Amino acid sequence: MPIRSLKSAGRWVLAILLFAAGVWAQRSGVIEDFLYYLPDVRYLAVQHLFLTAVSGSLAIAIAVPLGIVLSRPSMARFAESLMQVLNVGTTIPTLAVLALSMSFLGIGTVPAVFGLTVATLLPITRNTYVGLKGVSPALMEAAAGLGMSPAQRLFRVELPNALYVIFAGIRTALAINVGTVPLAFLIGAGGLGELIFTGIDLYDTVMMLAGAIPTALLAVIVDALVATIAFLVVPRGVNPSRA
Amino acid sequence: MIRLDNLTKVFDTPKGAVVAADHINMEVPRGEICILLGPSGCGKTTTLKMINRIIRATSGKVFLDGEDTTGMNTQDLRRSIGYVIQQIGLFPNMTIEENITVVPRLLGWDRTAYKKRARELMDMIAMDAEAFLKRYPSELSGGQQQRIGVARALAADPPVMLMDEPFGAIDPINRAVIQDEFLKMQAELKKTIMFVSHDIDEAIKMGDRIAIFREGKLVQYSAPDDLLSAPRNGFVESFLGEDRALKRLNLVKVREVFSDEMGSVKPDDTLETALSRIDDFGYQNAILMVNDRGEPAGMITRSVARTTRGYCRDHYQTAPPVAQLDDDLRKVASLMFANDTTWLPCVDARGRVCGHITQRAMTHHLGSRYRSRPEDSAPLRSQPETKE
């Protein structure tokens with residue numbers, strides 16, 4: 001009972017605060033200032049999403065097959081050490097990766113996509129590998145014993161059963177990706193980073209927020225989108241969210 | 001039907017080579033269930049899995065229906081053999097229907113054919129097709145899942161089935177039910193089955209033949225009754241347990257032991273007649289009274305017959321429990337102990353008295369098989385004797 005009353009009190013406080021914030025924003029003219037940046041936000045958001053879409057799809061297209069290859073029994077000897085190399089790879093800050101890719105690919109969209117792809121690769125590879133390795137040996141024995149070929153085992157048993165974990169990796173990776181794209185501005189690829197970094201440099205809070213808030217919203221939207229796809233694609237029997 | 005010829009598996013381990021199966025020779029005739037039995041690590045599972053190449057044999061051959069499988073394509077071979085494992089291994093991403101039609105779909109059956117087959121299989125395992133076909137494995141109980149596992153193995157009607165402790169993970173009550181259902185199915189399907197178990201009672205119940213393994217060697221391969229009556233060596237004897245004579249009671253039916261010579265009286269007979277019949281047949285205590293329909297109606301005891309005058313119908317005691325002709329001796333023994341009696345009347349399927357079974361006859365039957373150590377128990381071709 002006390003918890004429930006606390007919750008409803010919390011909801012009230014939140015509503016009041018929101019209302020107060022709205023009143024303040026209207027009075028101080030922040031909303032108008034925001035609207036001033038709207039055309040920029042629109043243009044840059046499209047650029048932002050373009051970078052995410054290209055680097056994200058490239059990362060998925062590379063990481064999922066890589067995870068599959070690493071999980072094959074014949075690769076067992078190298079798989080763990082390769083995963084370690086990838087792990088070390090992620091400890092390098094994305095900014096450093098972008099700087100490196102700029103140093104041999106120049107500036108613009110291409111080095112940005114390259115750097116973002118590299119940064120997005122690991123969570124997907126790791127989850128694909130772990131998801132496939134996690135398929136129960138009993139399932140694999142049953143699949144083999146019933147006479148499935150290795151390819152049939154992969155596509156009919158292993159991948160469907162690992163799909164939920166793979167999608168979890170894609171979800172994390174893309175959310176990070178959207179949050180990292182602003183850095184691409186630093187090597188001349190545009191995106192909402194343009195508003196954020198310029199806003200910081202000019203000490204213009206509204207401009208910075210005009211970049212930061214849409215970035216956060218995009219991250220939430222992309223995450224929800226991938227979650228929806230996962231919900232629809234992962235077979236019902238192995239989908240915890242549909243159980 | 002299944003013939004193993006010098007089948008051998010050597011595992012290379014860091015501690016050196018381990019012989020998991022050592023020149024196994026055996027043959028399972030068509031339509032029989034052969035149980036591979038032994039303690040863990042004895043090579044029974046290895047032997048089974050070499051047949052469908054889940055484990056590659058180091059040397060030796062497997063013949064199915066007289067044909068050497070060595071040259072066969074692994075996938076084709078496996079699709080022609082039903083396979084059931086202890087962990088069941090239903091695919092959680094597929095519905096029950098998709099699960100049981102895996103092999104037909106691999107074999108390229110058309111949609112209507114395998115859909116129809118799925119319904120037949122559900123009927124066969126006595127599960128409601130409407131209710132279950134569209135469900136997922138996680139929505140089923142363990143017992144139901146293993147029934148589906150068996151159905152999946154039977155889907156393409158393979159002549160041979162391999163079962164690796166199929167009922168091991170199911171609770172004892174459900175296990176007995178599933179075993180009975182399976183035996184009923186097998187009576188119609190007549191598959192040739194190799195079945196790994198570590199449960200001696202399951203082996204005796206399910207097996208037409210039992211192969212006892214120890215340390216990679218086949219120690220004895222016999223029919224259950226021969227195995228229990230004539231264990232080949234001390235290891236087999238101890239594995240079967242001290243109570244193996246009692247276990248044999250499971251295997252013998254009343255029909256094999258009962259005697260149809262039996263004195264009885266009718267309700268209209270006098271007690272005098274009853275007394276003289278008791279004496280004629282040499283009964284110690286009592287004689288059975290049978291009604292007009294031939295059903296057991298009561299007992300006339302000797303003391304009553306001797307001291308009283310009148311008709312049986314006025315002086316009987318309640319009838320003793322009866323044994324059906326198809327009951328096993330274990331049940332009969334249990335009834336005898338529970339009722340403190342040394343004999344039971346036997347009735348046929350319609351409940352009519354057709355003879356009696358005595359404790360003496362039972363012990364005699366078991367004893368006679370003990371004394372004759374049958375040479376004909378089963379052909380063990382060039383199988384080296386293991387030391388005791």
Cα gyration tensor category, rounded, prolate or oblate, for the range A:1-138 with a/c compared to 1.5: oblate
The range A:39-118-the range B:1-68 distance, computed between alpha-carbon centres (Å): 50 Å
Neighbourhood charge, 11 Å Cβ-Cβ cut-off, centred on A:Asn127 and excluding it, Lys, Arg +1 and Asp, Glu -1: +3
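Order by neighbour count: B:Phe337, B:Phe213, fewest other Cβ atoms within 10 Å first, most last.
Values: B:Phe337 10, B:Phe213 26.
Ordered by Cβ neighbours within 10 Å, fewest first: B:Phe337, B:Phe213.
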Surrounding net charge for B:Asp164, when Lys and Arg each add one and Asp and Glu each subtract one, Cβ distance under 10 Å: 0
For the range B:249-311 and the range A:166-195, distance of Cα centres in Å: 96 Å
Degrees separating the helix A:94-105 axis from the principal Cα axis of chain A, which is the longest one: 80 degrees
Amide H contacts under 5 Å for B:Val219, placed H, 5+ residues apart: B:Ile212, B:Phe213, B:Arg214
Cα-only radius of gyration and Dmax that characterise the range B:24-85, units Å: 11.9, 32
For the protein assembly as shown: Kirkwood Rh in Å [reciprocal of mean 1/r, alpha carbons]: 31.3 Å
Sum of -39500 (n - 2.57) over DSSP H runs of 4+, divided by residues of the protein assembly as shown (222 nm, nearest 500): -16500 deg cm²/dmol
Fewest-first ranking of B:Thr273, B:Thr8, B:Thr307, using other Cβ atoms within 10 Å as the exposure measure: B:Thr307, B:Thr273, B:Thr8
Total charge dipole magnitude, the protein assembly as shown, about the Cα centre, Cβ charges on Lys, Arg, Asp, Glu only, Debye to nearest 20: 500 debye
Cβ neighbours within 10 Å from other chains - mean over B:72-84: 3
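Based on the Cα atoms of chain B, what semi-axes does the equivalent ellipsoid have, where each is the square root of 5 times one gyration tensor eigenvalue, given in whole Å with the largest first? All intermediate terms of the calculation are to be shown ahead of the outcome.
Numbers: eigenvalues 489, 156, 49 Å².
The three semi-axes for chain B are 49, 28, 16 Å.
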Percent of Cα pairs exceeding the 26 Å cut-off, where the set is chain A: 53 percent
Distance between the range A:198-239 and the range B:150-224 - C-alpha centres, whole angstrom: 57 Å
Within chain B, longest stretch free of exposed trypsin sites (Lys or Arg not before Pro) [DSSP loop, at most 15 other beta carbons within 10 Å]: B:191-292
Helix A:159-180 axis, angle to chain A major axis (alpha carbon atoms, nearest 10°): 30 degrees
Exposure proxy order (Cβ contacts within 10 Å, fewest to most) of A:Ser149, A:Ser55: A:Ser149, A:Ser55
From phi via Karplus (6.51, -1.76, 1.60), per-residue ³J(HN,Hα) for the range A:189-204 in Hz, x at Gly/Pro: 9, x, x, 5, x, 4, 5, 5, 5, 4, x, 5, 5, 8, 6, 10
Overall Cα dimensions of the range B:2-137, principal axis frame, Å, largest first: 52, 32, 26
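Here, each number is a calculation from the coordinates, and none is a lab measurement. Everything numeric here is computed off the predicted structure, so don't read it as measured data. Note that we place each Cβ from the backbone using ideal geometry, even for glycine, and neighbour counts take in every protein chain shown.
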